[in-house]
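Coordinate-derived values only; no laboratory data. This one's a predicted model, so the numbers in the text were calculated from it and none came from an experiment. FYI the Cβ positions are ideal-geometry reconstructions off the backbone, even for glycines, and counts take in every protein chain you see.
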């Protein structure tokens with residue numbers, strides 16, 4: 001794990017080498033990582049949203065435009081019922097936490 005100082009130095013180097021826009025995207029990527037940890041921790045505390053014997057081990061909340069993700073390449077999978085329930089519960093939790101954002105689950 002990078003320290004905050006090392007993270008800032010890395011971003012400055014990237015800005016110098018690759019430009020301000022790339023550095024801005026990297027800054028937002030690091031923010032996404034921290035936000036993801038926070039949201040997953042808060043979701044884990046909501047016992048009424050959990051599904052028996054299933055645990056959400058990680059949820060990466062990634063901002064569109066900052067990460068090299070192509071949604072068209074995502075597979076449309078049919079999840080087992082319990083796993084789909086956990087995904088639906090997380091989606092509901094996310095929407096309650098962030099009213100103006102949309103969550104797309106990528107496989």
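Over region 4-97, what is the relative contact order in percent, taking alpha-carbon pairs closer than 8 angstrom and at least six residues apart?
About 28 percent, as a whole number.
Suppose R0 equals 30 Å. What FRET efficiency, 1/(1 + (r/R0)^6) with r the Cβ-Cβ distance, do residue 48 and residue 101 give to the nearest 0.05?
My answer for the efficiency is 0.85.
Among 25, 47, 37, which one shows the highest mean-square fluctuation when the chain is modelled as a Gaussian network with alpha-carbon springs under 10 Å?
Greatest mean-square fluctuation among the candidates belongs to 47.
Sorting 4, 12 on the 10 Å Cβ count, fewest up front, what's the list?
Placing the least packed residue first, the sequence is 4, 12.
At 0.36 nm per residue, and after removing the present C-alpha to C-alpha distance, how many nm does the segment from residue 37 to residue 17 gain when stretched out fully?
That pair, residue 37 and residue 17, stretches by 4.3 nm at full extension.
Taking each pair of distinct Cα atoms in region 4-97 once, what is the resulting Kirkwood hydrodynamic radius in Å?
Final number for the Kirkwood radius of region 4-97 is 15.5 Å.
Can you give the helix-only mean residue ellipticity at 222 nm for the chain, where every DSSP H stretch with n ≥ 4 adds -39500 (n - 2.57) and the sum goes over all residues, rounded to the nearest 500 deg cm²/dmol?
-18500 deg cm²/dmol
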